[in-house]
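The values are calculated or read from the model by the stated rules, or taken from the named source; none is laboratory data. Model, not experiment: these values are computed from the prediction. Note that we place each Cβ from the backbone using ideal geometry, even for glycine, and neighbour counts take in every protein chain shown. Just the protein is used for accessible areas: all its heavy atoms, side chains included, with ligands, DNA and RNA removed. Shrake-Rupley method; radii C 1.70, N 1.55, O 1.52, S 1.80 Å.
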Amino acid sequence: VQLQASGGGLVQAGGSLRLSCAASRSIFSISTMGWYRQAPGKQRELVADITRGGSTNYANSVKGRFTLSRDNAKNTVYLQMNSLKPEDTAVYYCNANYIGIDYWGQGTQVTSPA
């Protein structure tokens, strides 16, 4: 599975960004797709993911601010990030779990200075 991520950037705290991740195969064949992030000096952490059946899961730190959605026809998942905070600053990685194997897209930087 190849993943093409896009949409990072610099936005002031309180602003919004949308990340996109396009998969090279049908997302219905993928167990889960989602986004992780890694801030400098910290471990990579789950931000949000969605199962094949459409169930979503969010980190507590982003609940109510971030929304994960998908476009089945485009094999793409989107992460809408609102009310960004400085602590959201990190490299964001798209992830897909396919037949028990994790695949990763290239990272995209999200920076939200105070």
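Here are some notes:
- Qualifying residue in the range 99-107 (condition: assigned to a strand (DSSP E or B), open to solvent by 70 Å² or more (accessible area, probe 1.4 Å) and in contact with a Cys (Cβ under 8 Å, 6 or more places away or on another chain)): yes
- Scanning the range 17-58 for residues that are touching a Lys or Arg at 6+ places or on another chain (Cβ under 9 Å) and in a loop (DSSP other than H, G, I, E, B) yields a count of 4.
- Scanning the range 40-69 for residues that are surrounded by fewer than 19 Cβ atoms within 10 Å (Cβ to Cβ) and in contact with a helix residue (DSSP H, G or I) (Cβ under 8 Å, 6 or more places away or on another chain) turns up 52, 61.
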